[in-house]
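Let me begin by presenting the structure, written as C-alpha cells, before commenting on it.
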Amino acid sequence: MTDSSAVVSSIYRSGKVYDLLYPGSEAGPAFWLDLAQTYGDPVLELMSGTGYIAIPLARQGHDVTGVELAEPMLAEAERKSRAAGVAVTWVRGDARAFDLGRQFKLIYLPSNSICHLLTREDLEACLETVARHLHPEGRFALNVFVPSLPMLIASPEEEQEFGAYFDPESGEQVVMTNRSSYDPATQITHNQLFRRVGAGPSEPDGQLAMRIYFPQELDALLWYNGFAIEHKYGEDRRPFDAQSGMQYYVLKLRD
C-alpha cells in the first residue's frame with residue numbers, strides 16, 4: 001500500500017525490480033509456513049507483494065489468498081505463481097477495507113508492511129477488517145522492526161545506500177539510496193529515494209513514507225483494538241527483549 005499523493009518509487013512501480021532489490025532467502029517464509037501448519041487453512045496474507053511468502057505456502061498445499069493494492073506487485077505475483085504451477089487466490093484490495101466473504105484460520109501481515117499504515121485510523125481500519133475475516137479460533141500474525149535511535153536521528157542531508165541489484169537487460173548495477181527525515185509528532189519517516197545506474201548520476205526516484213511503531217505502543221494499539229498477544233518473539237522465536245531487532249506477534253481475538 002502506498003501514498004497516492006506521493007510520487008511512487010520504482011521499488012513499487014515494478015514487481016521485478018522489487019524482487020531484484022529484495023531477493024529474500026529460502027528460509028524467509030519459514031515462520032509463516034510454521035504458523036500455517038499450526039493453525040490450518042484457509043490462509044490470508046495482507047500486502048502480499050510479489051508472492052514471496054504466499055507462493056511457498058501454496059506450494060506446500062495451503063489454501064492461500066493474497067491481498068495487494070499495488071498493481072505491478074500483484075501482476076508479478078500472478079506471473080510467478082503461474083510459473084510455479086501453484087494456485088493462489090490473488091485479490092487487488094486495500095488492507096484497510098476489503099470484504100472477501102469468508103473467514104481465515106491464519107491472517108498475517110509480514111515484512112514490516114504495517115509501516116504503510118501511517119495513521120491510527122489506518123491501523124484501526126486494518127485491524128477491524130482483520131477481525132471480521134478471522135475465524136474465532138484463528139490467529140493474526142505480523143512482524144515489524146524495532147525502531148533504532150540512529151535511524152531516527154539520521155540527518156536528512158545524509159544519503160544512505162539501502163540496496164543494489166544488476167539490471168538483467170543492461171547488466172549495469174543499480175544502486176538505491178535514500179535521505180530520511182523523521183517527524184516525531186506523527187512518528188512518520190519521510191524517505192526521498194534516489195537511483196544511480198552504473199557510473200551515472202544519482203537521480204530522484206520517488207518517495208516512501210513509513211510509520212514507526214514502538215514496542216509498547218504497538219502492544220497497546222493491538223490490545224485496544226481487540227487482540228490479545230498470545231506470543232511475542234524476537235528473531236529466531238527467541239523471547240522478545242531489549243536486544244531484539246524485530247517484533248513478531250501471534251495474536252488472537254480478545255474475549
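Does Arg211 meet the test of being in contact with a Cys (Cβ under 7 Å, 6 or more places away or on another chain) and either touching a residue at least 60 places away in the same chain (Cβ under 8 Å) or basic (Lys, Arg) (or both)? Don't jump to the end; show me each part of the working.
On the way: in contact with a Cys (Cβ under 7 Å, 6 or more places away or on another chain): yes; either touching a residue at least 60 places away in the same chain (Cβ under 8 Å) or basic (Lys, Arg) (or both): yes.
So Arg211 fits the description; yes.
May I ask you to verify whether Arg238 is exposed (fewer than 13 other Cβ atoms within 10 Å of the Cβ), basic (Lys, Arg) and closer than 30 Å to Val130 by Cα?
Working: exposed (fewer than 13 other Cβ atoms within 10 Å of the Cβ): yes; basic (Lys, Arg): yes; closer than 30 Å to Val130 by Cα: yes.
In short, yes.
At least 3 residues that are of a type in the set (D, E, K, R), more than 16 Å from Pro147 (Cα to Cα) and not assigned by TED's automatic domain parsing to the domain that holds Thr129 in each: list the strands (runs of 3 or more DSSP E) lying fully within segment 175-255 that qualify. Before you say what the answer is, go through the steps one by one.
Details: elements: 188-197, 202-211, 227-233, 246-253.
It comes to none.
Is there any pair with a first residue in segment 46-72 that is within 18 Å of Asp19 (Cβ to Cβ) and a second that is part of a loop (DSSP other than H, G, I, E, B) and hydroxyl-bearing (Ser, Thr, Tyr) whose Cβ atoms are under 6 Å apart and which are 6 or more apart or on different chains, and what are they?
What qualifies is Ala54/Ser48; Gly66/Ser48; Glu68/Ser48; Pro72/Ser14.
Per-residue answers, yes or no, for (1) among the hydrophobic types (A, V, I, L, M, F, W, C); (2) within 19 Å of Leu142 (Cα to Cα); (3) surrounded by 13 or more Cβ atoms within 10 Å (Cβ to Cβ):
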{"position": "Glu161", "(1), (2), (3)": "no, no, no"}
{"position": "Ala164", "(1), (2), (3)": "yes, no, yes"}
{"position": "Ser170", "(1), (2), (3)": "no, no, no"}
{"position": "Pro184", "(1), (2), (3)": "no, no, no"}
{"position": "Pro204", "(1), (2), (3)": "no, no, no"}
{"position": "Met210", "(1), (2), (3)": "yes, yes, yes"}
{"position": "Glu217", "(1), (2), (3)": "no, yes, no"}
{"position": "Tyr249", "(1), (2), (3)": "no, yes, yes"}
{"position": "Arg254", "(1), (2), (3)": "no, yes, yes"}
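Which ones in segment 68-83 are of a type in the set (Asp, Glu) and not in a helix (DSSP H, G or I)? If you could, list the steps in order and put the result at the bottom.
The initial filter retains those residues of segment 68-83 that are of a type in the set (Asp, Glu), namely 68, 71, 76, 78.
Listed by number, the list holds a single entry, Glu68.
Could you list, in sequence order, all residues of segment 84-127 that are crowded, with 17+ Cβ neighbours inside 10 Å, assigned to a loop (DSSP other than H, G, I, E, B) and among the polar types (S, T, N, Q)?
Result: Ser111, single match.
Any residue at all in segment 178-190 that's within 19 Å of the chain's Cα centre (by Cα), farther than 18 Å from Ser14 by Cβ and hydrophobic (A, V, I, L, M, F, W, C)?
So far as segment 178-190 goes, yes, one or more of its residues are within 19 Å of the chain's Cα centre (by Cα), farther than 18 Å from Ser14 by Cβ and hydrophobic (A, V, I, L, M, F, W, C).
The values are calculated or read from the model by the stated rules, or taken from the named source; none is laboratory data. The shown structure was predicted, so the numbers you read here are calculated from the model rather than taken from an experiment. Cβ coordinates were reconstructed from backbone atoms using ideal geometry, including for glycine residues, and neighbour counts include every protein chain displayed.
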